[in-house]
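The values are calculated or read from the model by the stated rules, or taken from the named source; none is laboratory data. These numbers come from a predicted model, not from an experiment. Positions of Cβ are generated from backbone atoms using ideal geometry, with glycine treated the same way; all protein chains shown enter the neighbour counts. Note: areas computed on protein heavy atoms with side chains; ligands, DNA, RNA excluded. Shrake-Rupley method; radii C 1.70, N 1.55, O 1.52, S 1.80 Å.
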Amino acid sequence: MYVISACLAGRKCRYNGGSNEIAWVKDLSEKSKCILVCPEEEGNLPTPRNPSERVGDKVLDKEGNDVTNAFILGSERTMLKINEFSEKENKEVKLAILKSNSPSCGCGMIYDGTFSGKLVKGDGLFVEMLKEKGIKIISEKDEEALNE
Ligand code: SF4
């Protein structure tokens with residue numbers, strides 16, 4: 001089974017109230033056993049909401065509010081949901097397909113905390129938790145990695 005960022009499958013859970021729909025990810029989500037996740041909504045953050053970026057161990061929104069706890073709570077709840085779904089379906093998570101550069105879902109490169117569009121090496125908070133479980137992660141830019 002797959003874990004998929006809900007915004008990539010077309011859910012309007014992005015900070016600005018839109019989605020990040022990507023055709024191949026949406027298609028996969030409709031044809032495969034998968035769980036759609038949005039760790040930020042899971043942490044009780046509203047949609048729309050202020051954009052947020054990681055600053056070291058913290059996550060701050062564009063107004064300077066510290067939203068770290070909501071991000072941690074949302075990531076922990078999402079991990080629980082994944083485990084429950086996996087047990088119910090009796091299927092292991094094969095792969096996570098997650099939105100690039102997000103402070104939750106970004107893997108490898110994330111926004112640098114200046115809200116200027118600059119990227120730095122790093123992972124979103126949710127991705128850190130998935131990596132601890134050894135789950136392989138790709139982004140919407142890696143369609144060819146699906147068959148590896
Ligand atoms: S937390 Fe992840 S799933 Fe939710 S809007 Fe951000 S990138 Fe998409």
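Some notes on this structure:
- Surface composition of the chain: carbon and sulfur atoms hold 46% of the protein heavy-atom accessible area at a 1.4 Å probe.
- The trypsin sites (Lys or Arg not before Pro) found in the stretch 17-57 that occupy coil by DSSP, while having at most 13 further C-beta atoms within 10 Å, are K33.
- Estimated translational D of the chain in µm²/s (Stokes, Kirkwood radius over Cα pairs; 10 °C; 1.306 mPa s): 104 µm²/s
- Estimated at 0.36 nm per residue, the fully extended path between L80 and N147 surpasses their Cα-Cα distance by 21.4 nm.
- Members of K81/K136; K12/K91; K99/K133; K94/K141 lying beyond 24 Å, as alpha-carbon distances in this model show: K12/K91
- Sparsely packed loop sites in the stretch 3-92 (the GluC sites (Glu not before Pro) outside DSSP H, G, I, E and B with at most 15 other Cβ atoms within 10 Å) comprise E21, E63, E92.
- Accessible area per residue in Å² at 1.4 Å probe, computed on the chain: 53 Å²
- Counted charge near I97, where neighbours are those whose Cβ lies closer than 14 Å (Asp, Glu -1; Lys, Arg +1): 0
- Unpaired Cys in the chain, meaning no second Cys C-beta under 4.7 Å: C7, C34, C105, C107.
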